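**Student:** Below you'll find the structure I mean.
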Amino acid sequence: MASENAFESILTTLPKPGGGEFGKYYSLPALNDSRIDKLPYSIRILLESAIRNCDEFQVTKRDVEKIIDWVNTAPKQVEIPFKPARVLLQDFTGVPAVVDLACMRDAMNKLGSDSDKINPLVPVDLVIDHSVQVDVARSENAVQANMELEFHRNKERFAFLRWGSTAFHNMLVVPPGSGIVHQVNLEYLARVVFNSGGLLYPDSVVGTDSHTTMIDGLGVAGWGVGGIEAEATMLGQPMSMVLPGVVGFKLSGKLKNGVTATDLVLTITQMLRKHGVVGKFVEFYGEGMSELSLADRATIANMSPEYGATMGFFPVDHVTLQYLKLTGRSEETVAMIESYLRANNMFVDYSQAQTERVYSSYLQLNLEDVEPCVSGPKRPHDRVVLKEMKADWHSCLNAKVGFKGFAVPKESLNKVVEFSFHGTPAKIKHGDVVIAAITSCTNTSNPSVMLGAALVAKKACDLGLEVKPWIKTSLAPGSGVVTKYLQKSGLQPYLNQLGFNIVGYGCTTCIGNSGDLDESVATAISENDIVAAAVLSGNRNFEGRVHPLTRANYLASPPLVVAYALSGTVDINFESEPIGTGKDGKEVFFKDIWPSNEEIAAVVQSSVLPDMFKATYEAITKGNPMWNQLSVPSSTLYTWDPKSTYIHEPPYFKDMTMDPPGPHGVIDAYCLLNFGDSITTDHISPAGSIHKDSPAAKYLMEHGVDRRDFNSYGSRRGNDEVMARGTFANIRLVNKLLKGETGPRTIHIPTGEKLSVFDAAMRYKSQGQDTVILAGAEYGSGSSRDWAAKGPMLLGVKAVIAKSFERIHRSNLVGMGLIPLCFKIGEDAETIGLTGHERFSIDLPSSVAEIKPGQDVTVVTDNGKSFTCTLRFDTEVELAYFNHGGILQYVIRNLINQRS
């Protein structure tokens, strides 16, 4: 059982400069261990947490020693516990988390325990950054119209979350319309240093969105986890993690004129992808740090999932402190943060000599070498230097179908399709832009690129340029602060003039919520097989994610989004070809509308003010009229409505007993799906629109929902019936069982019938037949969606056999009781000769004590093949979850046992 902290002797008082004290803290220097001085700053945060929580039960002195000896232990992939300071829930992932908490209360109630004890033990911040469907755009009232539409569609979901804010203690809910979770976290929620009852410690956070990493730019250690793992953390369970290696990334020099933070992050993403940083921390350092604003750092940190790292960490320095003051944190709070971090050797002062830290590997980049660029057309790490874009586009059109190819027939390359747009003659060809979106997640926390985009708009308007009316343009800021500084600068009207009206504060185009294209445009594209383009300032551009009709999707800085909207095509060389013709009849070139770094800096300096942040976030506590008027029940147990298509009680705890079910192998399972590489969580559990012919659509219509009210998969994440039907429902899914056909279907092996994935899975399930999934490398990359693990579990999938897994998704599979297996290096389904028509048996011991993390497991097929895989339960704790049938069942049984 837990005992008193083994490190009480180093609990030290932190004095205030003018007298008195800030509080007490566990002092790392008081350990007098020279190894700590060379530890990366990110590892010091793990160390402090282990020391502060050391009770010789959940966290032991041996765990502390492992972290101190990081140089020697990290290469050995040792396991440590980590207890983050808080948990961050995003709207879409927050709903299933609250659903699960409500279900856990019910389960504990049925098992005869005190159900009201289910409350977060760790502070929880839940931000309702509702996903704005851009149905209303190019109008001054877009924000209000979209907000009313969102409340009409999502009233039940919002009311449920408001119930959660009153039913569960230690949970702060930020109402809709305030901003996107990552920017609200950066500007408002982040503490940097906690003062909890007089105990000081570093802020650290795990969040249910992979881009939680944005907060690493503020020196707060944070990363994405599955919703399932976040729930266990909320309930006081330590996270079990492998002590990571840390890549030291040295920055020098200064960005050239005309180069943006987005160009930098796309360059860094490509470098780190090539280096290989999956499962590692990346820590930035060097003299170039002084040239990066906090917003630039946050932009780089945000893209950690795209380069594959757990974190892209920027230790706290003077730039961090300046940002805290800018965003309205009090002088006393900032003084406490600086004093604590200096005293505990967690502050970087670049005016002093630096102690050389040890890293697992090293990279460096001179900022002067960064060039303007975009990424695409299908992956965020496929960077294209801007001056090579036209040539690269033509090579993509010609290349075979793949991440960089569309295989357009030679005779169709120059095809021009004429159509009528509301009575006006119009034309469209390959590469024409039909969506241009400044989206909320990555870049709108950065005033330099946002005001840069506004300056591009002003210069374009002054010259008389226009955006074609059929291009769907939108601007979705990450918080109300952006609106305030765009208005203060006087530049918002120019964005409006080009169609970049503010449509709302939340996820939009980047997550597939651009709304429908005009019917005439959609018809021209689909009937003529046009490879149309979207350009967006987000971080994800996987196939089928942005819009079903934009097969080419490019990530770009906000100013470049405006430039491409003006040009109307990605098939352009900005150095030599004009963007358009001005009102004086002369050709206008890219250089004519591009602002200098000095112009941008001057506008940022005069327009971004601390009062804007204070005013924006004071409004959060007041809510808004639509939120405040929601009717909320007062009971702590939720009353489930079986007719609801938004909130539904899932079957996870059905027939649960206090006895764990134990581990299970797999016998004679069929292959549900056979995949290649890079199957993302968007493929597994799409968040965007619900196709009219899908099993989910059929379910909704059977329950009286009109097609216009389908909403999105993301908004219905609180209903397992919808989400199970939406599993593997991506229209771009490539399943090898279908031999080249694309779409959310598969072959029912026993009969040879072609069915929707859901229907095939249900047929297997009804006949008592288990299923497995075969996959290639990077299975489960992309957003950290717990439904990408919950859905397959509900479909009856028992194991996934892949070349490799994305970190969070593998953890989620374990959390739902699925078996993750990796082919041995150099092997995959193809080299072994698997077609997916076999039946698979996986031999596992019946006692969890006989299973070891990472052990070899034999898989046998019914046609005599046998191959060895690595069992990807990576820690003893994960084996315990598997023994209990999942992480939530493990937590419930533990809570009841602790309190009985």
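The values are calculated or read from the model by the stated rules, or taken from the named source; none is laboratory data. These numbers come from a predicted model, not from an experiment. Cβ: placed from backbone, ideal geometry, glycine included. Neighbour counts: every protein chain shown. Heavy atoms of the whole protein, side chains included, go into the accessibility calculation; ligands, DNA and RNA do not. Shrake-Rupley method; radii C 1.70, N 1.55, O 1.52, S 1.80 Å.
**Student:** Quick check on my link table: of 38/325; 280/790; 458/586; 378/415, which ones sit more than 28 Å apart, alpha carbon to alpha carbon?
**Tutor:** Checking Cα-Cα distances, 38/325 exceed 28 Å.
**Student:** Calculate for the chain the 222 nm mean residue ellipticity that helices alone would give, adding -39,500 (n - 2.57) per DSSP H run of length 4 or more and normalising by residue count, nearest 500 deg cm²/dmol.
**Tutor:** Estimated from H runs of four or more residues: -9500 deg cm²/dmol.
**Student:** For the stretch 38-139, what ratio Rg/Rh do Cα atoms give with a Kirkwood hydrodynamic radius?
**Tutor:** 1.16
**Student:** Continuing with the same structure: Convert 20 °C to kelvin, take the viscosity as 1.002 mPa s, use the Kirkwood radius over C-alpha pairs of the stretch 230-329 as Rh, and evaluate the Stokes-Einstein diffusion coefficient in µm²/s, rounded to a whole number.
**Tutor:** For these conditions, the coefficient is 143 µm²/s.
**Student:** Rounded to whole Hz and in sequence order, give me ³J(HN,Hα) for the stretch 603-615 from the Karplus expression 6.51 cos²θ - 1.76 cosθ + 1.60, θ = phi - 60°, writing x for Gly and Pro.
**Tutor:** 5, 4, 4, 8, 10, 9, 10, x, 4, 5, 5, 4, 5
**Student:** Return the inverse of the average 1/r over all pairs of distinct C-alpha atoms in the stretch 710-774, which is the Kirkwood hydrodynamic radius, in Å to one decimal.
**Tutor:** Working: mean 1/r = 0.0781 Å⁻¹.
When all Cα pairs of the stretch 710-774 are included, the Kirkwood radius is 12.8 Å.
**Student:** Also, I was wondering about something else. Given the chain, what percent of its DSSP beta bridges are antiparallel, to the nearest 5?
**Tutor:** Given both bridge residues lie in the chain, the antiparallel proportion sits at roughly 45 percent.
**Student:** OK, next. Please tell me the relative contact order of the stretch 361-458 in percent, rounded to the nearest whole number, where contacts are Cα pairs under 8 Å and at least six residues apart.
**Tutor:** Relative contact order, the stretch 361-458: 12 percent.
**Student:** Still on this structure, I have one more. If I take the Cα coordinates of the chain and project them onto the principal axes, what are the three extents in Å, biggest first?
**Tutor:** Per principal axis, max minus min of the Cα coordinates gives 81, 79, 56 Å.
**Student:** For the stretch 495-542, what is the convex hull (Cα atoms) projected area averaged across all directions, in square nanometres? The partial results should precede the final answer.
**Tutor:** Numbers: hull surface 17.5 nm².
In nm², the orientation-averaged hull projection of the stretch 495-542 is 4.4.
**Student:** Packing-wise, with mean Cβ within 10 Å as the measure, how do 324-334, 291-301 rank, highest first?
**Tutor:** Final packing ranking: 291-301, 324-334.
**Student:** Now a separate question. Take the Cα pairs of the stretch 569-632, get the Kirkwood Rh, then feed it into Stokes-Einstein at 37 °C and 0.692 mPa s and tell me D in µm²/s.
**Tutor:** 197 µm²/s
**Student:** Got a sec to turn the phi values of the stretch 42-51 into Karplus ³J(HN,Hα) couplings, 6.51 cos²θ - 1.76 cosθ + 1.60 with θ = phi - 60°, whole Hz, x for Gly and Pro?
**Tutor:** 5, 6, 4, 5, 4, 5, 4, 4, 5, 5
**Student:** Moving to a separate point now. Around residue 382, what is the net charge, scoring Lys/Arg as +1 and Asp/Glu as -1 over all other residues with Cβ under 10 Å from its Cβ?
**Tutor:** +4
**Student:** Given the peptides 522-529, 150-157, arrange them by the average over their residues of other C-beta atoms within 10 Å, most packed first.
**Tutor:** Answer by packing, highest mean first, reads 150-157, 522-529.
**Student:** Averaging the inverse of every distinct alpha carbon separation and then flipping it gives the Kirkwood radius. What is it for the stretch 310-362, in angstrom units?
**Tutor:** It works out to 12.6 Å.
**Student:** What percent does the relative contact order of the stretch 150-229 come to when contacts are Cα pairs within less than 8 Å and at least six residues apart?
**Tutor:** Result for the stretch 150-229 is 19 percent.
**Student:** Over the stretch 486-638, what portion of Cα pair distances is larger than 28 Å, expressed as a whole percent?
**Tutor:** Counting every Cα pair in the stretch 486-638, those more than 28 Å apart make up 42 percent.
**Student:** Then there is this: Just want to confirm a number: the relative contact order over the chain, from Cα pairs under 8 angstrom separated by 6+ residues, in percent.
**Tutor:** 13 percent
**Student:** In the structure displayed, which of 83/643; 256/484; 387/488; 736/824; 256/404 lie more than 32 Å apart, Cα to Cα? Working shown, then result.
**Tutor:** Details: 83/643 39 Å; 256/484 28 Å; 387/488 34 Å; 736/824 21 Å; 256/404 29 Å.
Violating the 32 Å Cα-Cα cut-off are 83/643; 387/488.
**Student:** Moving to a separate point now. If amide H atoms are built 1.01 Å from N in the plane of the peptide, which residues on other chains or at least 5 residues away come under 5 Å of the amide H of residue 685?
**Tutor:** For residue 685, the qualifying residues are 728.
**Student:** Let me ask you something else. Please work out the Kirkwood hydrodynamic radius for the stretch 383-531, using every pair of different C-alpha atoms, and report it in angstroms with one decimal place.
**Tutor:** So the Kirkwood estimate lands at 17.3 Å.
**Student:** Can I ask one more? Leaving out same-chain residues fewer than 8 places away, which aspartates and glutamates sit with a Cα under 15 Å from that of residue 117?
**Tutor:** 100, 106, 231
**Student:** Sticking with this one: From the phi angles alone, apply the Karplus equation (6.51, -1.76, 1.60; θ = phi - 60°) to the stretch 146-158 and give each ³J(HN,Hα) in whole Hz, x where the residue is Gly or Pro.
**Tutor:** Per-residue couplings from phi come out as 5, 5, 4, 5, 5, 5, 4, 6, 10, 3, 5, 5, 4 Hz.
**Student:** Let me ask something else about it. How large is log10 of I(q)/I(0) for the stretch 786-827 at q = 0.15, 0.24, 0.29 Å⁻¹ when the intensity is taken from the Debye formula with one equal scatterer per alpha-carbon?
**Tutor:** -0.33, -0.75, -1.00
**Student:** Work out Dmax and Rg for the stretch 302-404 from the C-alpha atoms and quote the Rg first, both in angstrom.
**Tutor:** 20.5, 61
**Student:** Report in % the part of the accessible area of the chain that belongs to carbon and sulfur, leaving out ligands and nucleic acids; probe 1.4 Å.
**Tutor:** The computed percentage sits at 49.
**Student:** Computed on alpha carbon atoms, what radius of gyration and Dmax characterise the stretch 747-874, expressed in Å?
**Tutor:** 14.4, 42
**Student:** Compute the signed sum of charges (Lys and Arg +1, Asp and Glu -1) over the other residues within less than 13 Å, Cβ to Cβ, of residue 105.
**Tutor:** Net charge around residue 105: -4.
**Student:** Which whole-angstrom value gives the distance between the alpha carbon centres of the stretch 288-313 and the stretch 369-435?
**Tutor:** Taking the Cα centre of each part, the stretch 288-313 and the stretch 369-435 sit 29 Å apart.
**Student:** With every protein chain present, what is the per residue accessible area of the stretch 282-328 (1.4 Å probe, Å²)?
**Tutor:** 20 Å²
**Student:** Which order do peptides 232-242, 621-631 fall in by mean Cβ count within 10 Å, highest first?
**Tutor:** Packing proxy ranking, top to bottom: 232-242, 621-631.
**Student:** Taking the stretch 644-784, how much of its Cα-Cα pair set, in percent, is spaced more than 27 angstrom apart?
**Tutor:** 26 percent
**Student:** While we're on this one: Just to be sure I understand: if I project the alpha-carbon convex hull of the stretch 819-880 onto a plane and average over all orientations, what area do I get in nm²?
**Tutor:** 4.4 nm²
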